[in-house]
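All remarks here apply to the structure that follows.
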Amino acid sequence: MAQKSTVLFCGDAHLKSGAAYLAGVMSHLSISYDYIEMHQKLPDDQLDKGYALIIFSDYPSTNLSEQQMLTLVRLIEAGTSFCMIGGWESFHGLLGFYDRTPLAEVLPVRCKTSDDRNNIHQGFVAEVSEDHEIVRDLPFHEPPVMCGYNSFAKKEGAEEILRLRRVAIKDGVVSLDEKSEPLLVLGRHGQGRTCAIATDFAPHWVGGLVDWGDQRVQSQAPGANAIEVGNYYVRFIENILRHLIK
């Protein structure tokens, strides 16, 4: 009998494009997963396979039927972890529209009801808001610069682990905006762990995060493009996945 996959990963275009990054990291970490392309409807029986973690990244809500949405909510309530990663088809986004679905109640953040995308040409950096195993062994005192994210608000009772602050460069002077927004938020819905990540793990929004580290990691998921990324990028994703898979 084939071994059951641990993760269901949906979105990020396809494995010859953005999905190569998260799929490549999971392959490097020997985390088993099933993959659904961004433009593919969720198969009828996909949610029956007993995943520990379900990830939507640039996966529009219109790819799920109303019944599948309700089934996903019940699975999370019963203990399946769920993570939404930012993008044009995440949260509200351009074509996400999750604010109009039952998943809006499950997420640890409040989605906007209009376009929530921010494309920041001077970038932004992450700062630690709360000590947590996800960030404890990473050098956030030397953060990478990222360049895009979805705006959302942390719900009461959720944990903001990372916040973002925009970079401003004027006349050769570099500064950070005094205001911040949530970047990584954790929560629970019933027995399931939930996670919202405002930025993407794939270009272009990922910016310098994909190269964060003092060593290079090469990987290639089956059927995907090869990737070469920074070791801290890999560790950051690993820490998130391990926390949610527990």
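Inspect all residues belonging to region 80-91 and state whether any of them is over 13 Å from Ala202 (Cα atoms) and surrounded by fewer than 18 Cβ atoms within 10 Å (Cβ to Cβ).
no
Answer yes or no as to whether Gly87 is out of contact with any Cys (no Cβ under 9 Å at 6 or more places or on another chain) and not aromatic (Phe, Trp, Tyr).
Judged against the criteria, Gly87 is a match.
So which of Ile227, Ile237, Ile161, Ile169 is touching a residue at least 24 places away in the same chain (Cβ under 8 Å), surrounded by fewer than 16 Cβ atoms within 10 Å (Cβ to Cβ) and β-branched (Val, Ile, Thr)?
Result: Ile169 is the single residue among Ile227, Ile237, Ile161, Ile169 that is touching a residue at least 24 places away in the same chain (Cβ under 8 Å), surrounded by fewer than 16 Cβ atoms within 10 Å (Cβ to Cβ) and β-branched (Val, Ile, Thr).
Could you tell me whether any residue of region 135-143 is aromatic (Phe, Trp, Tyr) and without any contact (Cβ under 8 Å) to a residue 40 or more places away in the chain?
yes
Of all residues in region 66-79, which are touching a residue at least 12 places away in the same chain (Cβ under 8 Å) and either touching a helix residue (DSSP H, G or I) at 6+ places or on another chain (Cβ under 8 Å) or more than 15 Å from Leu8 (Cα to Cα) (or both)?
Listed by number, the residues that qualify are Gln68, Met69, Leu70, Thr71, Leu72, Val73, Leu75, Ile76, Glu77, Ala78.
Consider only pairs whose beta carbons are under 7 Å apart and that are at least six residues apart or on different chains; among these, list those whose first residue lies in region 202-222 and is assigned to a helix (DSSP H, G or I) and whose second residue is among the hydrophobic types (A, V, I, L, M, F, W, C) and at pLDDT 95 or above.
Cβ pairs passing all conditions: Gly207/Val145; Gly207/Met146; Gly207/Cys147; Gly208/Val145; Gly208/Met146; Leu209/Met146; Val210/Val229; Asp211/Val229.
The values are calculated or read from the model by the stated rules, or taken from the named source; none is laboratory data. Computed from a prediction, not measured in an experiment: that's the story for all the values here. Because the Cβ atoms are built from the backbone with ideal geometry, glycine has one as well, and the counts that use them run over all protein chains shown.
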